[in-house]
Structure formats: structure tokens, C-alpha cells
Amino acid sequence: MIVKGKSRSNGVQLGAYLLSMEVNEEVRVLEISGMATSDLTQALIEMQEITDRGQRGVKGLYHAVISPQPGYQMTEEQWLYAADALGLQLKLDHQPRAIVLHEKNDGQGGTRVHAHVVFQRTDKERLSLIPDSWNYIAHERAARHLEEKFGHEIVPGKHAEPRSKERDREAVPDHERHQEEKAGLSKQERIAQVTELFRQSDGAKSFAASLAHAGYTLAKGDRRDFVILDKLGQVYSLPRCIEGVKTKELRKFFEPLNASKMPSVDEAKSLIRDKLASDKSKKVEKEKAKTEFTEAASDKARSKDKQSGETTKRDDASQQIPQSDKEAMRGRAKKALELASASNGLERYAKALGERLRATSGIAQTIRSRLGNAYDAIASRVSEKWQALKSKLGTSQGKGGNQGQREQAPQPESQSKTFNKAAKALKVVEKASRDEQTRKGPSNDR
């Protein structure tokens, strides 16, 4: 692909040449941008008039030609992209322009198409010409880029030979290469990222917030107005990271923000170091907690497996006992349970009997203390009646008498009757004691 061009004036003559049909099979105006008119000649005249009004130069137009090699056809989108790429290399990408396509006979029965691109060189705000120095190198750089972009055959030029990526890498300054290796982001990628954030923001505060969200820290430079620091604390000049924006424009853009309140480079580096230390500490704590959790889960799994193994062993041991031995074991366990139940019943019976006997003894002691000297006479009388009662109870047991009573084990029902009779006898004793006391009068022993 061939790209060539130069600065010139006289928009009238250039407009007539571009629209001429003498040597062209077809002429088509593809685009006129940045101008109020859609007439090509009038647009070129107005571009030159702006230059004349500024009185800082004569050649207010830059006329370039883009011509692909024979055999390659380009679409309208590709022609527009080619004009953008050339304007970027010439630093005329934000200027008004016009694009005209010429189709000519190629001498072999076919046609070839090439494009004429005319840029306005005068900056409307400053009314000064944009420099056109080193334009031949800019032409060939644009041509190499378009050939690689569209897959065309490379046509080497003497001003800017095609370079491999390795050679381009070697041409990068050492400090920039070190920054790229640490940050993992090339200079071009960083410029594209920050430029996109700048164009999407609607003000200084929005842009500062977007930079912070992307991991950059906005600071006040020592020798520059504004700088940004990446996550590792590396410093970059902010105007150099935004395409098409100059320091004066950026200074005006940041007027809503108080530059004196921005951190200095050293303060920003200190903040970044603190954040890195905090992030590292959090990472260590997280890894420690994760390790402890993993170890606890492993110990729990091992304990569960061990318990499962022991249960399996017990089950296996019980399954190895013969069925006949199991039945014998069940029988012995049943007998032991019955004996334990019977023993418990006897213990409860003996305990109740002991409590009743202790109560009877306590009543007897109380009676003795209250009767005093009359106790012996009453006791002898009670003994006589008790002997009579015993003889009477003994005769009711049958022919065996008392001997039969001793040989026969006491039954629960007869025991209950015996206790009832003993209680009646005690009542008789108490009544006799009261009668005796009434007869003698009050006792001094009380």
C-alpha cells in the first residue's frame, strides 16, 4: 500500500482537481466531516480561510493519497478506517477532513480505486498550524499498519522499514520496559485504558472516581501538574496517558477539584504500601483459616472412619458367636434379671418391716417414760395378756400348735393380721395405763 502527501494551499484549485472527470472513470465524495457545508470545493475554501484568518501560516491544507496494491479491493468502512489511521499518525485525527474516491483504468481491462484525503491543518482554538514534519515516516507507518490490518501485501519503504515485534520491544526504553513487566500492562494498553476512562467521564470528579475504580491513584506531581500511580506505586504522567489532551486542557479540566488537597507522590506511595500490606495480611489470615478448616475436616473424617471401623469389628465379632451359645447367654441373662428383681423385692419388704419395728420400739419407749413407776406393773400385765394371746394364736395353727407355726414359713396375709392384733394390744395397754393414772391421780414424774 502506498501512502503519500504534503501540505498545500489554494482550496479552489484542489477542489477542481479532485472533482475532475478527465482522467477518472468515476469520482465519489465519501465524506466531509467537521464543516458546515456538504460542497467539497466550498469546504476546502473554508478550511484555507481559517488559516488565512489566523495569519500564522499559508499552507492550511494537507493533501494525502492512499493507494492499495493492484488486486485488493476495499470497502467504505476500510477507507474510513484508513483515513483515521493516517490522521492519527499525522496528529490530524481531530481536524475537519474530506475523503474523495477516484476509480481509474488499470490498463489491463480492469479498474483501480485510490482515495484522496484532505485535512485542515489549522487548530481552530489557537489558530496555529499543526506541524507537518516527519510526514514521510508517518505515511509509511500508516501504510504498514493498514497492510497488517487488512492482510495486504507489505510494500517496504525507505523511511520506515517494517519492524518485528522483537525489534520494537528492543526499542522501548529500559525504564518503560521495567514498568511494563511489573504492571503486566504495555504503554499502549495503559494509554488506551486511561483515554477511554477520560472520554467516558462527564467531569473531573467522575474521572477521578473512574481512575480509582480501575486501580489508579490520582496525585499531585513534583514536576508535573497531575500524575497517576498504579497498584504497585509506579508513577505515570497523566497527560501522556490520554491521547489528544494537552497539559493546559487537563489543568482546566481539573479546576473543579482542589489540587492542593490531592496527595503528593510520596503520600500516595505510602497509601499504596499500606494497602498492599493490609491485603497481604488479609490473604495470610485467609490462607491460615482455610488450612485450619481443612485440617479439622480431615481429623473429623479420620475419627468417623475409625469409629466406623470399630463398629464393624464389633459386629464381625458378634457374628462369629454360634447361635446355640447366643441362646445360652440370653437364658443366663434372663435368670440374672429375675434374681435381681426378687432380691429387690425382699430388700424392700425388710426395709418396711424394720421401719415398723423401729416405730413400735419408739412407742414403747414413750409409754415407759410417761408411766414411770407404774410401768412394771403394766408391763407384767401386758406380758400375761401377750402370753395368752400367743397361746391363743398358737392353737389356731392346727395340731402342730406352736411347733407347726415355727416350721411353717410366714405368709404375707398372716403377717398383716399379726401386726393388726399387736396394734390392738397396744391400744389396750394404753387404755389400761390411762385408767390406772386416773385412779391414782396426777403423777409427779410428769
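The values are calculated or read from the model by the stated rules, or taken from the named source; none is laboratory data. A quick note: this is a predicted structure, and the numbers were derived from the prediction, not measured. Backbone-built Cβ (ideal geometry, glycine too); neighbour counts: all protein chains shown. Calculation scope for accessible area: heavy atoms of the full protein, side chains included, ligands and nucleic acids excluded. Shrake-Rupley method; radii C 1.70, N 1.55, O 1.52, S 1.80 Å.
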Of the criteria (1) at pLDDT 80 or above; (2) crowded, with 16+ Cβ neighbours inside 10 Å; (3) farther than 17 Å from Leu88 by Cβ, which one Gly157 fails | (1)
Is it true that some residue in the range 62-81 is hydroxyl-bearing (Ser, Thr, Tyr) and crowded, with 20+ Cβ neighbours inside 10 Å?
-> yes
Does Ser318 fit the bill of being in a helix (DSSP H, G or I), surrounded by fewer than 10 Cβ atoms within 10 Å (Cβ to Cβ), modelled with pLDDT under 70 and among the small types (Gly, Ala, Ser)?
-> yes
Neighbours by Cβ (under 6 Å, 6+ apart or cross-chain): first from the range 235-260, within 11 Å of Arg224 (Cβ to Cβ); second of a type outside the set (A, V, I, L, M, F, W, C) and modelled with pLDDT under 85 = Ser237/Arg224; Pro239/Thr247; Arg251/Asp225
Residues of the range 209-254 classified as in a helix (DSSP H, G or I) and under 28 Å from the mean Cα position of the chain (by Cα), total = 5
Output for Cβ contacts, cut-off 6 Å, separation at least six or different chains, first residue in contact (Cβ under 8 Å) with a residue 12 or more places away in the chain in the range 1-18, second outside any helix (DSSP H, G or I) and open to solvent by 50 Å² or more (accessible area, probe 1.4 Å), reads Ser7/Lys59; Ser7/Asp132; Arg8/Lys59; Ser9/Val58; Ser9/Lys59
Which one of Gly87, Gly15 is open to solvent by less than 30 Å² (accessible area, probe 1.4 Å), of a type outside the set (Asp, Glu), in a helix (DSSP H, G or I) and under 24 Å from Lys149 (Cα atoms)?
-> Gly87
Sole exception among (1) surrounded by fewer than 17 Cβ atoms within 10 Å (Cβ to Cβ); (2) under 60 Å from the mean Cα position of the chain (by Cα) for Met47, by number = (1)
Is there any pair with a first residue in the range 263-285 that is under 21 Å from Tyr236 (Cβ atoms) and open to solvent by 50 Å² or more (accessible area, probe 1.4 Å) and a second that is among the small types (Gly, Ala, Ser) and not in a helix (DSSP H, G or I) whose Cβ atoms are under 6 Å apart and which are 6 or more apart or on different chains, and what are they?
-> Lys269/Gly233
From (1) open to solvent by 10 Å² or more (accessible area, probe 1.4 Å); (2) in contact with a Phe, Trp or Tyr (Cβ under 9 Å, 6 or more places away or on another chain); (3) of a type in the set (A, V, I, L, M), pick out the condition that doesn't hold for Leu129.
-> (2)
In the range 132-148, the residues that are in a helix (DSSP H, G or I) and open to solvent by 60 Å² or more (accessible area, probe 1.4 Å) | Tyr136, Arg141, His145, Glu148
Filter the range 240-299 down to the residues that are among the aliphatic types (A, V, I, L, M) and touching a strand residue (DSSP E or B) at 6+ places or on another chain (Cβ under 9 Å), then identify the one that is nearest to Gln89 (Cα to Cα).
-> Leu250
Can you work out which of the residues in the range 18-31 that are outside any loop (DSSP other than H, G, I, E, B) and surrounded by 12 or more Cβ atoms within 10 Å (Cβ to Cβ) is nearest to the chain's Cα centre (by Cα)?
-> Glu31
Condition broken by His139, with the remaining ones in (1) modelled with pLDDT under 90; (2) under 23 Å from Gly244 (Cα atoms) satisfied = (1)
